[in-house]
Amino acid sequence: MMMSSSAPSSSSSSGGSSFFTGFTRLCKGLCVILVAGYILLQFLPSAVSYLALIPARTIPFAWNLITAGYVEQSLIGVAISTVGLLFFGKLLEPLWGTREFLKFIIVVNFLTSICVFVTAIGLYYITTKESYLYTPVSGFGGVLSGFLVGLKQIIPDQELSILKIKWLPTLVILVSVAISFFIEESGSYIPVILFGIYMSWIYLRYFQKKPETSHKGDPSDEFSFSSFFPDFLRPILDPIASIFDRALCGRSKTSEESRDDTLDASHLPGSDSIEAMRRRERGARALEQRLAADKLNASGGTEGSPHVGAAENV
């Protein structure tokens, strides 16, 4: 009887642990880098001058445009980054592929660092405050915020407890800006989050290659810049966003049309929105299959436990 009573508890524990399994090898390796960077700063604090982004020293130490994104200066930061990387990677890497997932991280991290550097230099010349030049800026928050943009693209209508996933990047922006009014130290990570979201959208909107087609980006209206804002603001934002849209993808569209002499389905009117819809459907199905697999793993042991107990009682 003692063995039968212990069976359900062991099966339930194995079912609960399935939620913490299935993490990709790439994400585990990046987590090791994040943790190692944090430990290095604890034993060698001077390393922050060479690894973090310090705008006044970036010209000789240009490599910190790359390394800054993988160095966390606080325990809370490294905890959030590692957990977020594992769970976001569990959802996005199987859909994008390992190579594209890593490319997204590298590109977004680098572009975010460049934007933060340029912004800090500009703020220094406007305010003459040297803190903009010598405050170390680092962290994985820009890429984590970018993952939210990826989820918005793939499964925008997936509902959470209080809102849909497509509003998560907007919520993060609002919360970050609100916090900046009360916490002075937030100035070191707010730009990373904001530019991480924007650079992620730029990459996914215009440059991410689609293996199923020869096109790049996601030109659908559901993933436009104005989709990050309430509907009543879109008539104001769409004309402004269209200027950047023509600047960023006008040439690529022209070259593609001149290169393709035959008219296929990818050039038909409305084909972009149809392709985006198919991509979101595939993402939703993949997410549902992954969640269903986790539920089966969690319930598989509990369903088998009564049979085990009956056999032992006999």
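The values are calculated or read from the model by the stated rules, or taken from the named source; none is laboratory data. Since we're looking at a predicted model, the values are computed, not measured. Here the Cβ positions follow ideal geometry from the backbone for every residue, glycine too, while neighbour counts run over all protein chains shown.
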Residue pairs within 7 Å by beta carbon, gap of at least six or interchain, first lying in the stretch 26-53 and on the phi < 0 side of the Ramachandran plot, second assigned to a helix (DSSP H, G or I) and among the aromatic types (Phe, Trp, Tyr), listed first then second, are LEU26/PHE101; ILE33/TYR70; LEU34/TYR70; GLY37/TYR70; LEU53/PHE117
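Being of a type in the set (Phe, Trp, Tyr) and in a helix (DSSP H, G or I) is the filter; apply it to the stretch 23-44 and report the residue that is surrounded by the most Cβ atoms within 10 Å (Cβ to Cβ).
The initial filter retains those residues of the stretch 23-44 that are of a type in the set (Phe, Trp, Tyr), namely 23, 38, 43.
Filter again for in a helix (DSSP H, G or I), leaving 38, 43.
Numbers: TYR38: 19, PHE43: 7.
Taking the candidates together, the pick is TYR38.
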Taking the stretch 156-167 as the search range and keeping residues that are among the aliphatic types (A, V, I, L, M) and part of a loop (DSSP other than H, G, I, E, B), which one is surrounded by the most Cβ atoms within 10 Å (Cβ to Cβ)?
-> LEU163
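Somewhere in the stretch 168-176, is a residue among the aliphatic types (A, V, I, L, M), touching a Pro at 6+ places or on another chain (Cβ under 6 Å) and part of a helix (DSSP H, G or I)? Step through it out loud before you land on a result.
Initially, the stretch 168-176 is screened for residues among the aliphatic types (A, V, I, L, M), giving 168, 171-175.
Okay, now just the ones that are also touching a Pro at 6+ places or on another chain (Cβ under 6 Å), so none.
No, every residue in the stretch 168-176 fails to be among the aliphatic types (A, V, I, L, M), touching a Pro at 6+ places or on another chain (Cβ under 6 Å) and part of a helix (DSSP H, G or I).
Output the residue which, of all residues in the stretch 173-199 that are of a type in the set (Val, Ile, Thr) and more than 12 Å from the chain's Cα centre (by Cα), is surrounded by the most Cβ atoms within 10 Å (Cβ to Cβ).
First, the residues of the stretch 173-199 that are of a type in the set (Val, Ile, Thr): 173, 175, 177, 179, 183, 190, 192-193, 197.
Subset that is more than 12 Å from the chain's Cα centre (by Cα): 173, 175, 177, 179, 183, 190, 192.
Numbers: ILE173: 19, VAL175: 11, VAL177: 13, ILE179: 13, ILE183: 11, ILE190: 18, VAL192: 27.
Going through the qualifying residues, I end up with VAL192.
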The one condition in (1) modelled with pLDDT under 95; (2) more than 25 Å from GLY122 (Cα to Cα); (3) aromatic (Phe, Trp, Tyr) that PHE104 fails to fulfil | (1)
Criterion violated by GLY139 - all others in (1) under 14 Å from the mean Cα position of the chain (by Cα); (2) surrounded by fewer than 19 Cβ atoms within 10 Å (Cβ to Cβ); (3) closer than 25 Å to CYS31 by Cβ satisfied | (2)
Which numbered condition TYR206 fails, given (1) assigned to a loop (DSSP other than H, G, I, E, B); (2) surrounded by 15 or more Cβ atoms within 10 Å (Cβ to Cβ) = (1)
Exactly one of ILE59, ILE106, ILE76, ILE114 is in contact with a helix residue (DSSP H, G or I) (Cβ under 7 Å, 6 or more places away or on another chain) and surrounded by fewer than 16 Cβ atoms within 10 Å (Cβ to Cβ), and that one is ILE114
In the stretch 144-191, the residues that are within 19 Å of GLY77 (Cβ to Cβ), polar (S, T, N, Q) and modelled with pLDDT under 90 = SER176, SER180, SER186, SER188
Pairs under 6 Å by beta carbon, first residue assigned to a strand (DSSP E or B) in the stretch 133-146, partner among the polar types (S, T, N, Q), six or more apart or different chains?
-> VAL137/SER188
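Say whether the condition of being touching a Gly at 6+ places or on another chain (Cβ under 7 Å), modelled with pLDDT of 85 or more and assigned to a helix (DSSP H, G or I) is met by at least one residue in the stretch 219-241. Lay out the reasoning, then the answer.
Filtering the stretch 219-241 down to residues touching a Gly at 6+ places or on another chain (Cβ under 7 Å) leaves none.
Within the stretch 219-241, not a single residue is touching a Gly at 6+ places or on another chain (Cβ under 7 Å), modelled with pLDDT of 85 or more and assigned to a helix (DSSP H, G or I).
Does at least one position in the stretch 72-83 carry a residue that is of a type outside the set (Gly, Ala, Ser), part of a helix (DSSP H, G or I), at pLDDT 90 or above and touching a Phe, Trp or Tyr at 6+ places or on another chain (Cβ under 8 Å)?
Just the residues of the stretch 72-83 that are of a type outside the set (Gly, Ala, Ser), to begin with: 72-73, 75-76, 78, 80, 82-83.
After this cut, where a residue has to be part of a helix (DSSP H, G or I) as well, the list is 75-76, 78, 80, 82-83.
Cutting the leftovers down to at pLDDT 90 or above gives us 75-76, 78, 80, 82-83.
Checking which are touching a Phe, Trp or Tyr at 6+ places or on another chain (Cβ under 8 Å) leaves us with 75, 78.
Yes - at least one qualifying residue is present in the stretch 72-83.
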